[in-house]
């Protein structure tokens, strides 16, 4: 996580220094591995006005134990939790959540077996205790792709736009903008 995360931050630095990105209007968001990176990035910097974290893990050991993709966690973190505890610790998001200041909107399906919803609950509870603006969107009977009910994707997009309007002061929108 730290390697691609540092690459993203270097890319943002380059976009800002080249005058392509406005440093006062930066936001971050991603889903699944992108949510994983979003969660890591908000522990590293306060430069983002808002974060959109979709189905993003925060606690590697519980993620390893509850996902249907534990071999992917093994690959990412170079071993089982007992084989590479120093990597699990070094790459920990959970142990750095006290650094987060970025208002964060979290979304997940309640039946997600790839990134179980408990990861989103952990993030939401932690940020609430830390006083960081946070909102958790739970989509009932949805798995990882939020594809069971077509309205859920529309609701997610609407809520993300509202979050960005609130914390990044993007122009107001109407539901017609979502069509």
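Taking residue 124, is it touching a residue at least 60 places away in the same chain (Cβ under 8 Å) and buried (at least 19 other Cβ atoms within 10 Å of the Cβ)? No. Can you say whether residue 105 is buried (at least 16 other Cβ atoms within 10 Å of the Cβ) and touching a helix residue (DSSP H, G or I) at 6+ places or on another chain (Cβ under 8 Å), as far as the supplied structure shows? Against the criterion (buried (at least 16 other Cβ atoms within 10 Å of the Cβ) and touching a helix residue (DSSP H, G or I) at 6+ places or on another chain (Cβ under 8 Å)), residue 105 qualifies. Applying the condition of being closer than 25 Å to residue 90 by Cα and crowded, with 16+ Cβ neighbours inside 10 Å to the stretch 1-26 and asking which residue is farthest from the chain's Cα centre (by Cα) yields 12.
Determine, yes or no, whether residue 113 is surrounded by 15 or more Cβ atoms within 10 Å (Cβ to Cβ), within 18 Å of residue 55 (Cβ to Cβ) and in contact (Cβ under 8 Å) with a residue 40 or more places away in the chain. No. Flag: residue 46 matches the condition of being out of contact with any helix residue (DSSP H, G or I) (no Cβ under 7 Å at 6 or more places or on another chain), in a loop (DSSP other than H, G, I, E, B) and modelled with pLDDT of 95 or more.
The values are calculated or read from the model by the stated rules, or taken from the named source; none is laboratory data. Just so it is clear, the structure is predicted and the values come from calculations on it, not from any experiment. FYI the Cβ positions are ideal-geometry reconstructions off the backbone, even for glycines, and counts take in every protein chain you see.
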